[in-house]
């Protein structure tokens with residue numbers, strides 16, 4: 001992917017992440033829509049000397065594109081009458097299901113609990129040519145205290161729970 005084709009904001013985010021980690025894009029074609037998912041090229045570089053089994057709750061599950069996320073992306077792209085329906089993806093990680101849903105016509109909000117995750121999602125959406133995806137920081141382990149827009153569909157990929 002030619003990074004110069006990204007909008008300015010997403011290109012700046014990409015460059016900020018790239019200054020810390022080696023990056024790559026996974027290419028998927030879901031429901032006829034091409035998706036490009038930004039991810040860390042070397043997981044070891046990202047986690048460093050941390051033992052992922054010492055405290056599994058601290059492992060960054062979001063950095064991997066899970067098979068279940070790809071399957072869920074295919075399922076969402078095949079749902080009939082999706083145009084204009086709203087969808088909230090909880091704990092989205094790299095965001096494959098939410099981005100596939102947006103490409104298929106859903107009005108999507110993708111959420112996760114850290115800014116770095118949101119940065120990866122935003123770059124992926126832009127690299128995939130998706131302009132109307134919303135992103136929010138949301139840790140669903142803690143209740144939402146303020147009013148948020150309600151979604152008709154709620155999506156949570158259980159393999160990415162922390």
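Just to be sure, is residue 94 closer than 23 Å to residue 42 by Cβ, in contact with a strand residue (DSSP E or B) (Cβ under 9 Å, 6 or more places away or on another chain) and touching a residue at least 40 places away in the same chain (Cβ under 8 Å)?
yes
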Failed item in (1) farther than 21 Å from residue 133 by Cα; (2) surrounded by 13 or more Cβ atoms within 10 Å (Cβ to Cβ), with residue 49 passing the rest: (2)
Answer from 99, 35 - the residue that is more than 24 Å from residue 139 (Cβ to Cβ), surrounded by 13 or more Cβ atoms within 10 Å (Cβ to Cβ), in contact (Cβ under 8 Å) with a residue 40 or more places away in the chain and within 17 Å of the chain's Cα centre (by Cα): 35
Any hit, segment 137-155, residues being in a loop (DSSP other than H, G, I, E, B), at pLDDT below 90 and under 22 Å from residue 74 (Cβ atoms): yes
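Have a look at 117, 79, 110, 17 and point out the one that is farther than 22 Å from residue 138 by Cα and touching a strand residue (DSSP E or B) at 6+ places or on another chain (Cβ under 9 Å).
Result of the check over 117, 79, 110, 17: 79.
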Every residue from segment 112-128 that is surrounded by fewer than 24 Cβ atoms within 10 Å (Cβ to Cβ) and without any contact (Cβ under 8 Å) to a residue 60 or more places away in the chain: 113, 114, 115, 117, 118
Test: residue in segment 113-123 that is in a loop (DSSP other than H, G, I, E, B) and either under 15 Å from the mean Cα position of the chain (by Cα) or on the phi > 0 side of the Ramachandran plot (or both): yes
Filter result (touching a residue at least 40 places away in the same chain (Cβ under 8 Å) and in contact with a helix residue (DSSP H, G or I) (Cβ under 7 Å, 6 or more places away or on another chain)) within segment 12-27: 13, 14, 17, 25
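The values are calculated or read from the model by the stated rules, or taken from the named source; none is laboratory data. Just so you know, these numbers come straight off a predicted model, no measurement behind them. Ideal geometry is used to build each Cβ from the backbone, glycine not excepted, and the neighbour counts take in all protein chains shown.
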